[in-house]
Each structure stands twice: as structure tokens, then as C-alpha cells.
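The values are calculated or read from the model by the stated rules, or taken from the named source; none is laboratory data. Owing to the predicted nature of the structure, the values given are computational and were not obtained by experimental measurement. Note that we place each Cβ from the backbone using ideal geometry, even for glycine, and neighbour counts take in every protein chain shown. Only protein heavy atoms, including side chains, enter the accessible area calculation; ligands, DNA and RNA are left aside. Shrake-Rupley method; radii C 1.70, N 1.55, O 1.52, S 1.80 Å.
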Amino acid sequence: GEEVAQTPKHLVRGEGQKAKLYCAPIKGHSYVFWYQQVLKNEFKFLISFQNENVFDETGMPKERFSAKCLPNSPCSLEIQATKLEDSAVYFCASSQFVGRVGYEQYFGPGTRLTVT
Amino acid sequence: SQQGEEDPQALSIQEGENATMNCSYKTSINNLQWYRQNSGRGLVHLILIRSNEREKHSGRLRVTLDTSKKSSSLLITASRAADTASYFCATDGQGGKLIFGQGTELSVKP
């Protein structure tokens, strides 16, 4: 598609429950990025993929967070045993290329996760 | 940690006035981008400036980059109520990830 799609828009989970978020990148874009935005300001990079391969996972809290991008499926970000501090908006972005010259990333509308 | 800081954190102006937002960063960069976020929505790309460029224009937007001071500014001329949003600068991290500033919340009053 022409836009990055994210589902669901909102997700409410009790502490300790699992949360799974989905992202469909723009067709033809090889790179997918996940970011976490807490409290309407800071964006934190979590993980990126080049096609189905993990490209950079330096931002991922590895104990409870995992992500996948499988062929012919939306990418997913899963949080096992959610904590209150995981409450945030999770954005997915895609781009055609990455490189020194810089490339625009196209952002989805985000999934708002509320952990109660 | 975030790459840089934006200044001011919040800005309130009247329609028709110009709005200037500043962004400072810490490490050397290849490029810097500005994004807009309308309330509760995703980021929209505004402009990209490369490290060998000093100034770039796009419609009512003007971006400057001073690599010696590690700073950039975004000027919106003749602002409109529809420009009300948060504006973020982002520098290029390793592997193409974006490293964001904390954002400037702009309010344009009609």
C-alpha cells in the first residue's frame, strides 16, 4: 500500500498480559523501524528490519520485547508480561533505503498501548 | 539517550506571524530531518538537509544547518492555524535509525 498501516489503534492490557502490535510497511520498502513515544515527546528507537532480517536491535529491551517481519505478513512487535512503564504510543516507519545521504521514513499512525 | 534538544519547548503565536524552532545535537551527522506530528497522529516528514548544505527551502519552510555549532533551525513563515502541531528534528543514527529531539509544541492562534 501507499501508507504504513498499524493495528490496532488502541490496545489496553492488564499488567502482566501480552501485547501484540502489527505494522504493514509501504510496498517496496525494504526497511522497517519501530519507535516508542512516551508522554508525547521522546521517541525511542527499538528495532529495525531489512526485509525479514533484524537490522539493528540495539534499542530493544530484550527480556520482554520481541519483533518479527516475515515474508507476506505484517511485521509484529510483541511485549510479553507488560508493565505500566510500557504504556506509550508505538510507531512503525518504513523506508526504501538507508544510507549516509539520508532517506525519509514514512510513519504509521501508531498504536496506543495502555497498561493498567 | 536522545541526540539533541529543541528550543523552545512550546511556542504560541498569532496567525500570520513567523515561527522559529531550534534544534541542537551532540555528535557529527550526515543529515538532519524535520518532522511534524499533529496531536495523536504519526510523524509527517517535512524536510531533509544534508551535512554539506547550509540552507534549504520548501514552500513556507526554511531550514538552516550549522554543523560547526551542531544546530539547526526551522522557520515557518506566515503561519496558519493548521500549522499547530509538534515539530521534531531527527539526526541520522547508525543503520538509518532516527534520533529525535524532544520537540517543540507550536500553537498558532487564529
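Numbers below:
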quantity	calculated
Any hit, the stretch B:61-73, residues being open to solvent by 30 Å² or more (accessible area, probe 1.4 Å), within 8 Å of chain A (Cβ to nearest Cβ) and more than 26 Å from B:SER12 (Cβ to Cβ)	no
Strands (runs of 3 or more DSSP E) enclosed by the stretch A:9-116 - at least 1 residues per element that are under 30 Å from B:ASN52 (Cβ atoms) and of a type in the set (D, E, K, R)	A:43-50, A:53-56
Filter result for B:ILE29 (part of a loop (DSSP other than H, G, I, E, B), touching a residue at least 60 places away in the same chain (Cβ under 8 Å) and open to solvent by 10 Å² or more (accessible area, probe 1.4 Å))	yes
Residue selected from the stretch B:37-48 under the condition touching a residue at least 40 places away in the same chain (Cβ under 8 Å) and surrounded by fewer than 19 Cβ atoms within 10 Å (Cβ to Cβ), by the criterion nearest to the other protein chains (Cβ to nearest Cβ)	B:SER39
Some residue of the stretch A:97-112 being open to solvent by less than 70 Å² (accessible area, probe 1.4 Å), among the aliphatic types (A, V, I, L, M) and under 11 Å from the mean Cα position of the chain (by Cα)	no
Test result for B:GLY96, free of Cβ contacts under 8 Å to residues at least 12 places away in the same chain and open to solvent by less than 50 Å² (accessible area, probe 1.4 Å)	yes
Test: residue in the stretch A:96-107 that is of a type in the set (Lys, Arg) and more than 23 Å from B:GLN33 (Cβ to Cβ)	no
Criterion: in contact (Cβ under 8 Å) with a residue 60 or more places away in the chain, farther than 22 Å from A:PHE43 by Cα, surrounded by 17 or more Cβ atoms within 10 Å (Cβ to Cβ) and not aliphatic (A, V, I, L, M) - qualifying residue of B:SER79, B:SER12	B:SER79
The stretch A:42-56: number of residues that are at the interface with chain B (Cβ under 7 Å from one of its Cβ atoms) and under 28 Å from B:GLN9 (Cβ atoms)	3
